[in-house]
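Colleague: One structure follows; several queries about it will come next.
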Amino acid sequence: MSSALYDLIGLAAGVCFILALKGLSHPKTARRGNLIGALGATIATLVVFVYVTPPRDGSAAHSLPLHNFGWILGAIAVGLIIGVPAARKVQMTQMPQLVALFNGVGGGAAALVAIVEYLNLGSDATTAEVIFTVFTVVVGCVSFSGSIITFMKLQELMTTRPVVFPGGRFVIAVTLAAVLGASGWVVTALGTTPLLVLAALSLLFGILFVLPVGGADVPIVISLLNAFTGLTVAASGYVLNSTLLIIAGTLVGASGTILTRLMADAMGRSLFGTLFGAFTAKPQDLAAAGEERPVRSGSPDDVAILLNYARRVVIVPGFGLAVAQAQHTVRELADLMLSKGIDVAYGIHPVAGRMPGHMNVLLAEANVPYDQLAEMDEVNPTFGQTDVAIVIGANDVVNPAAKTTPGCPIYGMPILEVSNASNVIFLKRSMRPGFAGIENELLYDPKTMLLFGDAKASLTKVVSALKAL
Amino acid sequence: MEAMAIVSIFVLAVFVGFEVVSKVSSTLHTPLMSGANAIHGVILVGAIIVADHSKTNLELGLSLAAIVLATINMVGGFVVTDRMLEMFKGKKKEADK
């Protein structure tokens with residue numbers, strides 16, 4: 001195959017990626033967009049097998065097949081065996097962390113590619129190539145280790161609260177300085193050892209960079225790291241002389257940056273505040289509360305009676321709904337109330353759950369009619385006329401502290417103003433605070449009733465109690 | 001490749017990337033992030049190229065590791081995005097009724 005044809009096919013794959021992102025931006029075309037993206041990736045992968053990149057010294061390219069052909073196929077098979085079942089079997093609740101993990105391994109792959117090409121080129125590398133290699137290694141490693149930390153936070157393998165330790169800012173600054181120093185070392189000394197030191201320091205920096213980010217902000221960080229990985233792919237495209245990698249990587253980097261900003265806007269956060277907010281907060285503020293205070297807890301029958309005499313009910317779903325897999329039960333409850341002539345709506349906070357749009361996906365799975373889902377701006381003015389707001393496994397997105405307590409990690413985030421409803425029912429597993437780790441004053445409000453237990457079990461009991469009335 | 005050509009490609013791709021996602025509803029943030037995530041799995045192409053270049057066992061081992069990771073990123077990413085979007089389809093059908 002001629003190099004012109006190879007480049008042309010690469011360009012076609014690049015166009016597929018543009019169409020994919022475009023398609024993914026609209027509900028009607030989203031699924032097709034994703035398939036177009038997959039098509040582009042398949043074309044790009046197949047075509048590397050039939051075109052051998054000529055070596056740098058200008059000598060002719062070796063004949064097909066590729067060197068190490070069998071090994072390459074084997075490694076792809078291993079990737080498929082790991083990746084496909086993971087993506088197929090993951091539960092909706094765990095999807096955000098899977099995306100984080102996929103992003104991390106992508107960043108790791110980019111860093112490894114850059115390292116191999118660097119070892120391979122040795123002293124033949126131009127200064128520009130070394131600089132791009134350094135960039136890929138640093139950002140790829142940060143993306144890898146950072147994504148692993150976000151994965152652990154979302155999987156609750158570690159605390160979801162911001163991890164802030166004394167002198168944290170100093171340690172991060174020193175690590176960053178060391179990364180920059182090692183980068184300079186690699187560019188001047190051109191050795192394997194400096195590169196490995198650089199990779200190790202970058203991995204450490206990625207960990208330190210994500211640790212102080214509070215739970216609720218994790219999705220924004222995943223999106224940012226996603227954009228980072230895109231840029232590393234573009235940089236490795238420069239070193240490997242591949243237009244396709246430059247186009248694909250840059251597209252992801254640019255769209256990922258915009259997406260990160262859109263997400264931050266949806267949460268009412270500045271990007272800067274998200275990333276560095278925890279540095280300015282004092283650790284003791286975050287660890288506050290915890291003393292015993294009286295709450296009003298009720299039985300499923302109490303809840304059913306309250307609902308039976310309501311005219312308008314707003315259901316506010318959160319991560320607890322996803323954990324309990326209660327989306328079908330909540331729909332059953334809503335249908336039952338509708339059949340009793342009660343006006344029912346779902347109040348969807350843009351970042352309820354662990355990712356923007358998480359609740360929409362979950363409720364769509366239970367075939368909840370689209371017109372019952374109300375976005376935050378739509379539903380907030382109606383809470384004044386709402387008799388009962390049922391908060392199912394949500395906490396931070398209804399926490400008035402976001403409006404009243406400057407300095408708390410979610411301050412400034414728009415919330416669902418359920419406190420304006422005549423009655424508030426919280427379905428909770430325990431008194432544990434939400435993902436952001438902040439106490440919720442609303443739980444102690446006299447008009448609030450708590451129903452403890454797994455959301456699905458509680459809802460099932462409420463449904464049968466309501467049927468009996 | 002010429003430096004100027006690369007810079008041109010880069011700058012144009014930045015603008016295209018900004019433009020295509022500038023108006024997206026919050027409902028689609030997660031699938032869009034996941035889809036973009038899958039696209040950068042195309043680093044698989046780079047991993048295959050360096051595996052072909054590899055001269056030592058160390059280089060081969062690292063590039064094979066890169067292939068495994070990149071394949072997981074790419075294939076897993078597209079599959080998981082499709083699964084998310086499959087559920088949206090159910091929703092639209094319901095709304096059409």
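Colleague: What is the spin-label model distance, in nm, from A:Lys403 to A:Glu375 if the labels are put 7 Å beyond Cα along the C-beta direction?
Modeller: 2.0 nm
Colleague: Using a Förster radius of 45 Å, what is the FRET efficiency between A:Thr42 and A:Arg429 based on their Cβ-Cβ separation? Nearest 0.05, please. Don't skip to the answer; put the middle values down first.
Modeller: Details: r = 43 Å, r/R0 = 0.96.
It comes to 0.55.
Colleague: List the extent of the Cα atoms of segment A:332-398 along each of their three principal axes, largest first, rounded to whole Å.
Modeller: Here the Cα extents, ordered largest to smallest, are 33, 28, 20 Å.
Colleague: Counting only helical runs of four or more DSSP H residues, what would the 222 nm mean residue ellipticity of chain A come to if each run contributes -39,500 (n - 2.57) and the total is spread over all its residues?
Modeller: Details: 18 runs with 277 residues, N = 469.
Calculated from helices alone, the mean residue ellipticity at 222 nm is -19500 deg cm²/dmol.
Colleague: Set the bar at 32 Å for Cα to Cα. Now go through A:Lys22/A:Lys340; A:Lys89/A:Lys447; A:Lys447/A:Lys467; A:Lys403/A:Lys461; A:Lys428/B:Lys23; A:Lys340/B:Lys23 and name every pair that lies beyond it.
Modeller: Check vs 32 Å cut-off fails for A:Lys22/A:Lys340; A:Lys89/A:Lys447; A:Lys403/A:Lys461; A:Lys428/B:Lys23; A:Lys340/B:Lys23.
Colleague: What full-extension length gain, to one decimal in nm, is calculated for A:Gln91 and A:Asn308 as 0.36 nm per residue of separation minus the Cα-Cα distance?
Modeller: Contour length minus Cα-Cα distance gives 74.8 nm.
Colleague: If you take the square roots of the eigenvalues of the alpha-carbon gyration tensor of segment A:163-271 and sort them as a ≥ b ≥ c, do you get rounded (a/c under 1.5), prolate (a/b over b/c) or oblate?
Modeller: Values: a/c = 3.13, a/b = 1.10, b/c = 2.83.
The shape class here is oblate.
Colleague: Right, here's the next one. Limiting things to C-alpha atoms, what are the Rg and the maximum Cα-Cα separation (Dmax) for segment A:10-143, in angstroms?
Modeller: Rg and Dmax of segment A:10-143, Cα atoms, are 17.8, 53 Å.
Colleague: Now for a different question. Going by the alpha-carbon gyration tensor, a ≥ b ≥ c the square roots of its eigenvalues, is segment A:3-283 rounded (a/c under 1.5) or, if a/c is not under 1.5, prolate (a/b greater than b/c) versus oblate?
Modeller: Because a/c hits 1.5 or more and a/b fails to exceed b/c, segment A:3-283 counts as oblate.
Colleague: Given the Cα-Cα distance of A:Thr192 and A:Thr159 and 0.36 nm per residue of separation, how much length would full extension add, in nm?
Modeller: Contour length minus the Cα-Cα distance gives 8.3 nm.
Colleague: Ok, one more. Just the ratio, please: alpha-carbon radius of gyration of chain A over 2.2 N^0.38 Å, N its number of residues.
Modeller: Normalised by 2.2 N^0.38 Å, the Cα Rg of chain A equals 1.13.
Colleague: Follow-up question, since we're still on this one. Return one number: the angle in degrees, 0 to 90 and rounded to the nearest 10, between the long axis of the Cα atoms of helix A:271-280 and the longest principal axis of the Cα atoms of chain A.
Modeller: Roughly 80 degrees, rounded to the nearest 10.
Colleague: Follow-up. As an exercise, use a Förster radius of 45 Å and the Cβ-Cβ distance of A:Ala200 and A:Asp265 to find the FRET efficiency, rounded to the nearest 0.05. Please list the in-between numbers first.
Modeller: Numbers: r = 36 Å, r/R0 = 0.80.
Efficiency, rounded to the nearest 0.05: 0.80.
Colleague: Please average, across the residues of A:343-356, the number of beta carbons from any other chain that are within 10 Å of each residue's own beta carbon, and give a whole number. Show your work: numbers first, answer last.
Modeller: Values: counts 0, 0, 0, 0, 0, 2, 1, 4, 2, 0, 1, 1, 6, 9.
Other-chain Cβ atoms within 10 Å of each residue's Cβ, averaged: 2.
Colleague: Among A:Cys408, A:Cys141, what is the fewest-to-most ranking by other Cβ atoms within 10 Å?
Modeller: With the sparsest Cβ surroundings first, the list reads A:Cys408, A:Cys141.
Colleague: Taking the Cα of A:Phe49, stepping 7 Å toward and past its beta carbon, and measuring to each backbone N in segment B:22-61: which are under 14 Å?
Modeller: It comes to B:45, B:48-49, nothing else.
Colleague: May I ask you to list the aspartates and glutamates whose Cα is less than 14 Å away from that of B:Lys55, ignoring any residue fewer than eight positions away on the same chain?
Modeller: Within the straight-line limit of under 14 Å, B:Lys55 reaches these aspartates and glutamates: A:Glu117.
Colleague: Rounded, prolate or oblate: pick one for segment A:80-237, where a ≥ b ≥ c are the square roots of the eigenvalues of its C-alpha gyration tensor, a/c under 1.5 means rounded, and failing that, prolate if a/b is larger than b/c, else oblate.
Modeller: oblate
Colleague: Any idea what angle helix B:43-53 forms with the longest principal axis of chain B, computed on alpha-carbon atoms, 0 to 90 degrees, nearest 10?
Modeller: In chain B, helix B:43-53 runs at an angle near 20 degrees to the longest axis.
Colleague: Considering every residue in A:372-381, what mean count of other chain Cβ atoms within 10 Å of its Cβ is obtained?
Modeller: Mean shielding count: 1.
Colleague: Can you tell me the dipole magnitude for segment A:300-468 around its Cα centre, using point charges on the Cβ only (Lys, Arg +1; Asp, Glu -1), in Debye to the nearest 20?
Modeller: Computed charge dipole of segment A:300-468: roughly 360 debye.
Colleague: Got a sec? How would A:Arg429, A:Arg161, A:Arg261 order by Cβ neighbour count within 10 Å, fewest to most?
Modeller: A:Arg429, A:Arg261, A:Arg161
Colleague: Arranged by the count of other C-beta atoms within 10 angstrom, fewest first, what order do A:Asp454, B:Asp82 take? Please report the intermediate quantities before stating the final value.
Modeller: Values: A:Asp454 17, B:Asp82 20.
Sorted ascending by nearby Cβ count, the order is A:Asp454, B:Asp82.
Colleague: Roughly what angle does helix A:95-121 make with the longest principal axis of chain A, taking Cα atoms, 0 to 90 degrees, to the nearest 10?
Modeller: In chain A, helix A:95-121 runs at an angle near 10 degrees to the longest axis.
Colleague: Now for a separate question. Suppose each label sits 7 Å from its Cα in the direction of the beta carbon; what would the B:Leu58-B:Val11 distance come out to in nanometres?
Modeller: 4.0 nm
Colleague: Calculate for chain B the 222 nm mean residue ellipticity that helices alone would give, adding -39,500 (n - 2.57) per DSSP H run of length 4 or more and normalising by residue count, nearest 500 deg cm²/dmol.
Modeller: Numbers: 5 runs with 75 residues, N = 97.
Calculated from helices alone, the mean residue ellipticity at 222 nm is -25500 deg cm²/dmol.
Colleague: Something else now. Return the average number of partner chain Cβ atoms within 10 angstrom of each residue Cβ along peptide A:233-243.
Modeller: Working: counts 8, 7, 1, 7, 8, 5, 2, 7, 3, 6, 4.
Per residue, the number of nearby Cβ atoms from other chains is 5 on average.
Read-outs: derived from the displayed coordinates by stated rules, not from any lab. What you see is a predicted model, and the numbers here were worked out from it, not measured in a lab. Backbone-built Cβ (ideal geometry, glycine too); neighbour counts: all protein chains shown.
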